[in-house]
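Read the figures in this text as sums done on the coordinates, not as results from a lab. As the structure is a prediction and not an experimental result, all values here were calculated from the model. Cβ placement follows ideal geometry from the backbone for every residue including glycine, while neighbour counts extend to all protein chains displayed.
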Amino acid sequence: MPAPVIATQNLVKSYAVTGSKAARGSTDFVAVDGISFEVAAGESFGLLGPNGAGKSTTMRMIGAVSTRTSGELSVLGLDPNRYGPEIRSQLGVVPQENNLDTELKVRENLLVYGRYFGLPRAQVARRADELLEFAQLEDKANAKVDDLSGGMKRRLTIARALINEPRMMLLDEPTTGLDPQARHILWDRLFRLKEQGTTLLVTTHYMDEAEQLCDRLVVVDKGRIMAEGSPADLIRRYSSREVLEVRFGSTQNAEVAERIAAFGERVEVLPDRILVYSDSGERELERMSAVGLHPITSLVRRSSLEDVFLRLTGRNLIE
Amino acid sequence: MTAGERTTNPSLAPSSAAASAGPRPFGGLYAGNARSVMARGWRATRSTNWLVVVSGFFEPIFYLLSMGLGLGALIGQVQTDDGQSVPYAAFIAPALLAVAAMNGAIYDSTWNVFFKMQFARLYEGMLSTSLGPLDVALGEISLALLRGLLYATGFLVVMQALGLNLSWWALLALPAVLLIAFGFASVGMAVTSYMKTFQQMDWITFVLLPMFLFSATFYPLSVYPQGIQWVIQALPLWHGVELVRGLTTGMVDLGMLWHVLYYAVMIVIGLVFTTRRLRALFLD
Ligand SMILES: Nc1ncnc2c1ncn2[C@@H]1O[C@H](COP(=O)(O)OP(=O)(O)OP(=O)(O)O)[C@@H](O)[C@H]1O
Ligand SMILES: [Mg+2]
């Protein structure tokens, strides 16, 4: 097996709690609390977790713009503590919040960014035109960044990250805040990169995004890894084939929940609905009618990563 | 292959060379590519407010015309601190030249930098490439310094036209002005990198204005009581004014090297703090 492009072992990042410089050590806030995983070249790997899980913090350490507090980290075979610039020169980084250069035009953003890597002018110019096409922004080449839509800005940020032909892309919530169509365009672009052999590291709190983009992922919560595997694998391991979602109205949920506690493999009671995990949702619904329970609405669906997350943390992914 | 070569052309040999690179002299703080940061600045100036740039250029010229020629007609000759007599306009012109360099450098290294740090997240973007914080600091400071140089060159030409350069030493005023601009830009950026609010930024103006008025700009230092003289002599602008005045009036002496040293120290301190701060803000 080839050497992994990312290898973390007990990776920890803690922040000094502001105003307590004297009491450093014991009062530090631990954002990433000892996580370990490996990513192989060409793989598309996801970090799935709710707000504040430590996804961006992990990304920043891997992107060699944040120094780890402890643990081992190797990126493209190098230690970010010593080889920050070398590592960064081979990465394409799409941060959670766009940081495009608003004083420059769209195409200039690509040209200037390429020069930061010390790439020759001619090469950068050629690459910029290719990337404008890739990002479907050819006709916006001379537009101001502020005049672009959210989806266009995101595509430009991705295009910019590709200017140095990176071996690995770090994508921090690439599609958050975009409408479904814009998300699909982006996913399509990322898929092409993957086909070309670029390693992708993606964070998201959208399970559909994780299912679309990731070969393998870790579920992260409160700075720790809760589970690791392929999306299908995780669903198989932590959930049933199907899920029956029923609503009885918020006043009756709790009472009904007691009566159906033994249904299916497992029952989850949420404030607004009850989830019954089972091989066959229809069969569970029939059992309910048989005991005289008739939900206001019912829905049978396949299990998703959302269910995996609920099972692992007892909480919803998007709160 | 050295680490330096690799950072200039990373995409050609991605993996092999980096592993063999030993620890680099600046530990990843410097990639030798400050010029790309400067190039970015040049492109961006096209979208800046040219009125601000132009008014910065004319401000000291207006001072020179109104005070130097206007007041100068009333005052006539002034005794410098060296005890020699020069026309009033020739006395204040070099001071205004130093001020021009300071203003040009300060504008770019404070307000512009503050905006980029707080709102544009520009440096975050730069520092996720192979650039290091010293590249960013040097690039931005050099740009500020160029503006200072531009202002100063224009002013020096006006001085020449008005016959206010009394000696060939005046040619050395140009590098002197560059040094002054470098000093102010460097410290200006360092100070700005610690600022968090607009109110704090206003303190910069609050400090600069009295320094401009009282640093032996419009009259000799000997006007002040001894205690005040010491305070003025501790401030950077006075050293700039004395250095440039010595050169354009031709009253050169070895003691002027102290002024040079003062600015050299300013530059180093400014660079060290800016680099540290950028590192702490964006690479920690
Ligand atoms: N510079 C910092 N100083 C102090 N605390 C920080 C800093 N950066 C992040 N944190 C804290 O670390 C925790 C993890 O933050 P992080 O941004 O990694 O979460 P995330 O998983 O990316 O969340 P989101 O989905 O909201 O982006 C949060 O509680 C956050 O407040
Ligand atoms: Mg985040």
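Using unit Cβ charges (K, R positive; D, E negative) and no other charged atoms, how large, in debye to the nearest 20, is the dipole of the stretch A:92-225 about its Cα centre?
Numbers: 20 positive and 22 negative charges, 89 e Å.
Once rounded to the nearest 20, the dipole reads 420 debye.
Between B:F58 and A:V17, what FRET efficiency comes out of the Förster formula 1/(1 + (r/R0)^6) with R0 = 45 Å and r the beta carbon distance, rounded to 0.05? Each step should come with its number before you reach the end.
Values: r = 51 Å, r/R0 = 1.13.
The pair A:V17/B:F58 has a calculated efficiency of 0.35.
Place a +1 charge on the Cβ of each Lys and Arg in the stretch A:28-166 and a -1 charge on the Cβ of each Asp and Glu, then give the dipole magnitude about the Cα centre in debye, rounded to the nearest 20. Mind dumping the intermediate values first?
Working: 17 positive and 19 negative charges, 62 e Å.
The calculated dipole for the stretch A:28-166 is roughly 300 debye.
For every helix of n ≥ 4 consecutive DSSP H residues, a contribution of -39,500 (n - 2.57) applies; sum these over the protein assembly as shown, divide by its total residues, and give [θ] at 222 nm rounded to the nearest 500 deg cm²/dmol.
Working: 24 runs with 294 residues, N = 603.
Per the formula, -15000 deg cm²/dmol.
How high is the relative contact order of chain A, in percent, counting Cα pairs under 8 Å that sit 6 or more residues apart?
Contact order relative to length: 19 percent.
Angle check, please: helix B:88-107 long axis (alpha carbons) against the longest principal axis of chain B (alpha carbons), in degrees 0 to 90, nearest 10.
20
In percent, what relative contact order does chain B have, based on Cα pairs under 8 Å that are 6 or more apart in sequence?
Values: 374 pairs, mean separation 68.3, N = 284.
Computed over chain B, the figure is 24 percent.
Considering the dipole of the protein assembly as shown built from charges on the beta carbon (Lys and Arg +1, Asp and Glu -1) around the Cα centre, which of A:T27, B:L174, B:F57 is farthest to its positive end?
Of the listed residues, the answer is B:L174.
Rounding to the nearest 10 and keeping the result within 0 to 90°, find how far the Cα-based axis of helix B:133-161 lies from the longest principal axis of chain B.
30
Computed FRET efficiency, Cβ-Cβ of A:D215 and B:I269, R0 56 Å: what is it to the nearest 0.05?
Details: r = 51 Å, r/R0 = 0.91.
Efficiency at R0 = 56 Å is approximately 0.65.
Tilt of helix B:198-214 relative to the longest C-alpha principal axis of chain B, in degrees (0 to 90, nearest 10)?
Tilt relative to chain B: about 30 degrees.
At 7 Å along the Cα-to-beta-carbon direction for both B:L71 and B:R46, put a label point, then send me their distance in nm to one decimal.
Rounded to a tenth, the inter-label distance reads 4.2 nm.
Quick one: of the DSSP bridges fully inside the protein assembly as shown, what percent are antiparallel, nearest 5? Walk me through the intermediate numbers first.
Working: 38 of 56 bridges.
Restricted to the protein assembly as shown, the bridges split so that about 70 percent are antiparallel.
Hey, rough spin-label estimate for A:A141 and B:Q84, points 7 angstrom out along Cα→Cβ, what's it come to in nanometres?
Between A:A141 and B:Q84, the label points sit 6.0 nm apart.
Can you tell me the dipole magnitude for chain A around its Cα centre, using point charges on the Cβ only (Lys, Arg +1; Asp, Glu -1), in Debye to the nearest 20? Let's see the in-between values first.
Numbers: 41 positive and 45 negative charges, 169 e Å.
So the magnitude is around 800 debye.
Between A:E265 and A:V30, what's the calculated FRET efficiency when r is the beta-carbon distance and R0 is 30 Å? Round to 0.05.
Details: r = 34 Å, r/R0 = 1.14.
Calculated value: 0.30.
Roughly how many whole Å is it from the C-alpha centroid of the stretch A:248-313 to that of the stretch B:210-264?
Going from one Cα centre to the other spans 83 Å.
May I ask which residue of B:L261, B:T275, B:S215 lies farthest towards the positive end of the charge dipole of the stretch B:25-282, with charges of +1 (Lys, Arg) and -1 (Asp, Glu) on Cβ and the Cα centre as origin?
Checking the options against the dipole of the stretch B:25-282, the answer is B:T275.
Could you work out how far apart the two model spin labels at A:A257 and A:Q181 are, taking each label as a point 7 Å from the Cα in the direction of the beta carbon, and quote it in nm?
Reported label-point gap for A:A257 and A:Q181 is 4.1 nm.
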